[in-house]
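First comes the structure, then the notes that go with it.
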Amino acid sequence: MDFAYSPEHEQLRTTVRRFAEAEMAPLVEEAEESERFPRQLFRRWAEVGLLGVRYPEADGGAGFDKLADCIVREEFSRICQSFASSWSAHTHLGIWPIWRTGTPEQKARFLQPALRGEKIAGFGLSEPDGGSDIRAMKTRATKVDGGYRLTGSKMYITNAPIADFLLVAARTAPELKPDSISLFIVELPNPGFAISSLKKEGIRASETGLIYIEDAFVPDSCLLAGREGTYPVLLESLSENRVGVAANCVGIATAAFEASMAYAEERKVRGKPIGSYQAIGHRLADMAAEIEAARWLVNYGAWRVDGGTIDAATAAKVKLTAADMALRVTESAIRLHGGAGIMREYPVGRHHRDALVYVIGEGTAEIQRNIIARSLGF
C-alpha cells in the first residue's frame with residue numbers, strides 16, 4: 001500500500017485549505033452566534049467544484065475518489081464543523097442515494113440542481129422514539145392514488161430548516177424487515193411537513209430541525225428508484241458516510257491541536273513558553289500521535305470505499321476511533337489552555353462541543369461497538 005498522497009490529492013488539499021481560510025473562516029463567528037447557516041456557501045461550493053467531489057463528471061461531479069472527499073471534509077472541519085456538517089448532509093446523505101439508485105428523472109430534477117448549489121438537500125432518518133434503531137421506525141407511508149401519504153416525525157435533521165428537499169425514510173409495510181422501509185424525495189415546503197429549528201450546543205451554525213409529518217402527500221415520481229424497499233441503499237449510504245464523518249473528526253481535532261500549539265508558544269510561565277514544560281509537551285505529543293493514527297485509519301476506510309470492499313464493521317471501526325479521538329484531543333486542548341479554554345475568545349471550546357456531536361451523530365459510539373461486536377460473532 002502506498003502511504004503517500006498523490007500530487008492531485010496534495011493540490012486539492014492546498015486549494016480547499018486556501019478557499020476555506022479565505023471564504024469560510026470570516027463567516028464563522030457570526031454564523032455560530034446567530035445559529036444561522038450562510039446559504040450563499042452552497043453556491044460558492046458549487047462554483048469551485050466542491051459539492052460533487054466524489055461524483056462522476058458525467059453526473060455533474062468533479063470525478064474524484066473517496067480519499068478526496070475525506071480531504072475536503074477534513075479541511076472544512078478544520079475551519080468550522082458546522083459548515084462541514086451542512087455540506088455533508090447535502091452532498092452525501094441527501095443526494096448519494098439518488099445518485100446511486102434514482103431514476104433518470106429524479107437525477108435530473110434533484111441531483112443535478114443539488115450539485116449546482118441551486119437546491120439544498122437533507123436526510124430525514126432519526127426519530128424521537130427510534131434514535132439509532134432504524135428498524136423501530138414509526139413514520140409510515142400509505143399508498144394512495146397517485147402517490148403516498150406520510151405520517152410520523154423526524155428529529156435532529158441537518159439542513160431541514162433551509163432545505164429545498166429532503167430524502168425521507170418511511171415504513172411502507174408493517175413488518176420489521178429491511179424491505180419494509182422505503183425512501184422518498186420530499187420537496188419543501190410541503191403542507192404536511194411542519195419544521196421547527198432546534199438550538200444546539202454543538203455545530204450551532206448547522207441548522208437542524210424537528211419535523212412533524214401529518215398526512216403529507218408525496219407523488220409516485222418521488223418514490224426513490226420508483227420502487228419500495230430501498231432500505232439496503234440506506235445502509236450502504238450510512239457505511240460510506242461513517243468513513244466521511246470520521247474525516248470530519250480528524251479536521252476538528254487538527255484545529256484544536258493547531259490552536260493548542262499556538263497557545264503553547266505564546267503563553268509564558270516563568271519566562272518560558274508553556275510548551276517547553278514536559279507536562280505540556282507530552283500532552284501535545286499525545287494529541288499529535290492520536291490525530292495521525294486516526295487520519296491513516298480514515299484513509300484506509302476511504303481506500304476500502306474506493307475499492308468497493310467497505311463493510312459495516314470496518315466503517316464502524318473508523319468512525320468509532322476517529323470520534324473518540326476527537327473528543328479526547330479537544331478536551332486535552334481545553335485543559336492545555338487552562339482558564340482560556342472556556343473563554344469564547346479561543347476556539348477550543350467550540351471544537352470540543354462539535355466533537356461531542358460525533359460520538360452521538362451518524363450512529364452513536366455504542367451502536368458502532370454493537371456493529372463491531374456482531375462482526376466478531378457476538
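Taking a sphere under 12 Å around the Cβ of ALA170 and counting the other residues whose Cβ falls inside, with K and R at +1 and D and E at -1, yields a net charge of +4. Taken along the Cα-to-beta-carbon direction at a fixed 7 Å, the label points for GLU47 and ASP215 span 4.5 nm. Counting 0.36 nm for each residue step from THR309 to MET261 and taking away their Cα separation leaves a gain of 13.5 nm.
When you restrict to C-alpha pairs under 8 Å that are six or more residues apart and normalise by the size of the stretch 121-229, the relative contact order lands at 31 percent.
What percent does the relative contact order of the chain come to when contacts are Cα pairs within less than 8 Å and at least six residues apart? Display every interim value, and only then the final one.
Values: 698 pairs, mean separation 60.7, N = 378.
Result for the chain is 16 percent.
Arranged from fewest to most other beta-carbon atoms within 10 Å of their beta carbon, THR15, THR91 become THR15, THR91.
Considering only alpha-carbon pairs that sit under 8 angstrom and 6 or more positions apart, the relative contact order computed for the stretch 7-115 is 25 percent.
Grab the eigenvalues of the alpha-carbon gyration tensor for the stretch 131-192, scale each by 5, take roots, and send me the semi-axes largest first in whole angstrom.
Working: eigenvalues 77, 52, 15 Å².
In descending order the semi-axes read 20, 16, 9 Å.
Counting other beta carbons within 10 Å of each residue's own, what order do SER276, SER85 fall into, fewest first?
SER276, SER85
Between the stretch 217-283 and the stretch 158-194, the C-alpha centres lie 26 angstrom from each other. Give me the count of lysine pairs in the chain whose alpha carbons sit under 26 angstrom apart, restricted to pairs 8 or more positions apart or on different chains. The number of close lysine pairs in the chain is 24.
Compactness ratio for the stretch 1-98: Cα radius of gyration over 2.2 N^0.38 Å (N = residue count) comes to 1.08.
Which percent of the Cα-Cα distances in the stretch 121-229 go past 18 Å? That tail contains 44 percent of the Cα-Cα pairs.
Laboratory data are not the source of any read-out in this text; all were calculated from the coordinates shown. Computed from a prediction, not measured in an experiment: that's the story for all the values here. Neighbour counts run over all protein chains shown; Cβ positions are idealised from the backbone, glycine included.
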